[in-house]
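The values are calculated or read from the model by the stated rules, or taken from the named source; none is laboratory data. Because the structure is a prediction, the values reported are computed rather than measured. Please note: Cβ atoms are built from the backbone with ideal geometry, for glycine as well, and neighbour counts cover all protein chains shown.
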Amino acid sequence: MKVLLIPLDFHRQELFGFMVESFKRQSDPALYIDIEQAISFQPDLVFFQGSLPLKDVALIQEKTNAVWTQWTGDSRYAVPETLMKYKDVMDFTFVPFNGAQLDIYTKFLGHPCFYIFEPFHDSRFISPLHMNAGPITFVGNYYDHMPGGKDRTDVILHLAQANIDVRSYGNSPLGIANHHGELPIEELPLTYNRSFAVIAMNNWRDVPGYFTPRNLNAMSAGSCHLAQTFEGIEDTPWINYENCVFWRHKFELLDVVNFLVAHPEVRHRIADAGHALAVKHYTHDAWVTEYLGIVTGCTYSTRKWRINNLP
């Protein structure tokens, strides 16, 4: 299968070598350069991230017979315009959530939508370190146009006031001693790896079935993953106190942290199991396998599906 890859920043070719290599192990890929190259390549399948004008997409579609898929790692309560713009020229859309929210996207985009986890670079996989003490780490930015900022502030302050060695990274408005400023993305894996535990709090945690690399990176980097619960968490491969620890609010999180500090052998077992799960299910190769499996496994014609499901 010939797969044309058109990621968001396709002009920065050096960023996507790992993506091309993963696709090479299961298909015949090419990274998009320009329209002429795309047409000459004659792909069977296109992976797209909203990075071309509609007229360019239409021209490539006119000259080829590829199935087009768009993918986003973002979440919104209603379908964003970045996806609606291409709804009539896509065959599939992939999003990082499932449940009722997935049904809403399918309804308004007018073509099949599927859940798939957000992929990340395999350099973020590091073997766990067994430590009896260390920082509790949270990495994340705060945005006025997204929910969750106040909850994050409350959680970090609650742990700090209980004399927990909690360290917050990002554009936090906290302005307190435990905030350590921005963290370069390339330093994230080692920072997580050297943390006793990593707190995962997503902005869109009230979107059913939504989780991001913030959750997965804690596991891949070999730390103990402390996952704030969300609707649908029971449908993930995560098992409470087996390969991660669930928590609902800041009081439960503090109890969890104190328990793990008192029983580091439990923390070690969870970190080991979480890392093994990530290696099995969340590598970039695993993402490509799932993506190609969904596309090739669909037995219906998406264009016929559209006609039969018009409003």
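Structure values in brief
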{"quantity": "Scope the range 215-252; condition assigned to a helix (DSSP H, G or I) and within 23 Å of the chain's Cα centre (by Cα); matching residues", "calculated": "Asn215, Leu216, Asn217, Ala218, Met219, Ser220, Ile233, Glu234, Asp235"}
{"quantity": "Residues that are surrounded by 16 or more Cβ atoms within 10 Å (Cβ to Cβ), at pLDDT 85 or above, out of contact with any strand residue (DSSP E or B) (no Cβ under 8 Å at 6 or more places or on another chain) and part of a helix (DSSP H, G or I), drawn from the range 172-214", "calculated": "Pro189, Asn193"}
{"quantity": "Positions within the range 120-147 being acidic (Asp, Glu) and at pLDDT 80 or above, in sequence order", "calculated": "Asp122"}
{"quantity": "One residue from Leu129, Leu157 being without any contact (Cβ under 8 Å) to a residue 24 or more places away in the chain and either of a type in the set (A, V, I, L, M) or in the same structural domain as Ala197 (by TED's automatic domain parsing) (or both)", "calculated": "Leu157"}
{"quantity": "Set Phe10, Phe18: member being among the hydrophobic types (A, V, I, L, M, F, W, C) and either over 21 Å from His284 (Cα atoms) or part of a helix (DSSP H, G or I) (or both)", "calculated": "Phe18"}
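Conditions tested, residue by residue: (1) of a type in the set (Phe, Trp, Tyr); (2) under 30 Å from Leu216 (Cα atoms); (3) surrounded by fewer than 18 Cβ atoms within 10 Å (Cβ to Cβ).
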{"residue": "Lys2", "(1), (2), (3)": "no, yes, yes"}
{"residue": "Asp9", "(1), (2), (3)": "no, yes, yes"}
{"residue": "Glu14", "(1), (2), (3)": "no, yes, yes"}
{"residue": "Leu54", "(1), (2), (3)": "no, no, yes"}
{"residue": "Ala66", "(1), (2), (3)": "no, no, no"}
{"residue": "Lys87", "(1), (2), (3)": "no, yes, yes"}
{"residue": "Asp91", "(1), (2), (3)": "no, yes, no"}
